[in-house]
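Working notes, beginning with the structure itself.
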Amino acid sequence: MKSRDIALIIMFAVLNLVLFIMMGQLPELITGIPAFGYVFIIFYAITGSVALLMYEGRRWRVFTQGLLFSSIALISVQIWTPTAAIVTILTAFIIDVVFNSYYGFFKRKNKLHWWVILSQLYSWTTQPIWTMLFVALFIAPFEAVLRTWFIPIILVMLPAIIIQAIVGGYIGYKIYRRVEKLA
């Protein structure tokens, strides 16, 4: 890995942590509404899209970013759980392996905007599903009952999550194109 890639990985991991604290944890703590941070997914989708495009389909950048973000969040953020860390790392791994495999195809066809929109759509629609699966499999039944609020909230929020992922992916693509022209 080049030093530029390492700097980008660190920058985007820290930026995601700041976004998570400001848009994920803080609104939930103020309002008391569980999963209230899903209202702000567009900001994560924008930064995620720019990061994916800046990595230009190179392997292990997205996975390393997810691993670094989860590691920092586990030790510094109150509501970040090991389940959330596992889900984030798993999603980053799948995006890195599957979506980066098709980067060259979409780039040759001049359709990178579809590639980044599909990756963000996958990321933000499957993370809640992975979370529900891990909660059902690995959390004690009593605690799982306490977390039953998660499923109805996600089901209500799913249309907003999908729309924000698509719009955020497209805005991230436009930002990347603007930055690419400047460079």
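The values are calculated or read from the model by the stated rules, or taken from the named source; none is laboratory data. Please read all numbers here as calculations on a predicted model, not as lab measurements. Every residue, glycine among them, receives a Cβ derived from its backbone with ideal geometry; neighbour counts consider all protein chains shown.
Residue-by-condition table, conditions (1) hydroxyl-bearing (Ser, Thr, Tyr); (2) at negative phi:
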{"site": "36", "(1), (2)": "no, yes"}
{"site": "42", "(1), (2)": "no, yes"}
{"site": "50", "(1), (2)": "no, yes"}
{"site": "57", "(1), (2)": "no, no"}
{"site": "70", "(1), (2)": "yes, yes"}
{"site": "73", "(1), (2)": "no, yes"}
{"site": "78", "(1), (2)": "no, yes"}
{"site": "91", "(1), (2)": "yes, yes"}
{"site": "94", "(1), (2)": "no, yes"}
- Query: Would a scan of the range 142-157 turn up a residue that is surrounded by 12 or more Cβ atoms within 10 Å (Cβ to Cβ), basic (Lys, Arg), on the phi < 0 side of the Ramachandran plot and modelled with pLDDT under 95?
  - Reply: yes
- Message: If the requirement is being under 23 Å from residue 132 (Cα atoms), touching a residue at least 24 places away in the same chain (Cβ under 8 Å) and assigned to a helix (DSSP H, G or I), which of these qualifies: 37, 48, 104?
- Response: 48
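Please find, within the range 70-101, the residue that is nearest to residue 139 (Cα to Cα) out of those that are assigned to a loop (DSSP other than H, G, I, E, B) and without any contact (Cβ under 8 Å) to a residue 60 or more places away in the chain. It would help to see each step written out before you state the result.
The first filter runs over the range 70-101 and keeps only residues assigned to a loop (DSSP other than H, G, I, E, B), leaving 77-81.
If we keep only those that are without any contact (Cβ under 8 Å) to a residue 60 or more places away in the chain too, we end up with 78-79, 81.
Values: 78: 18, 79: 16, 81: 11 Å.
Checking each candidate, the answer is 81.
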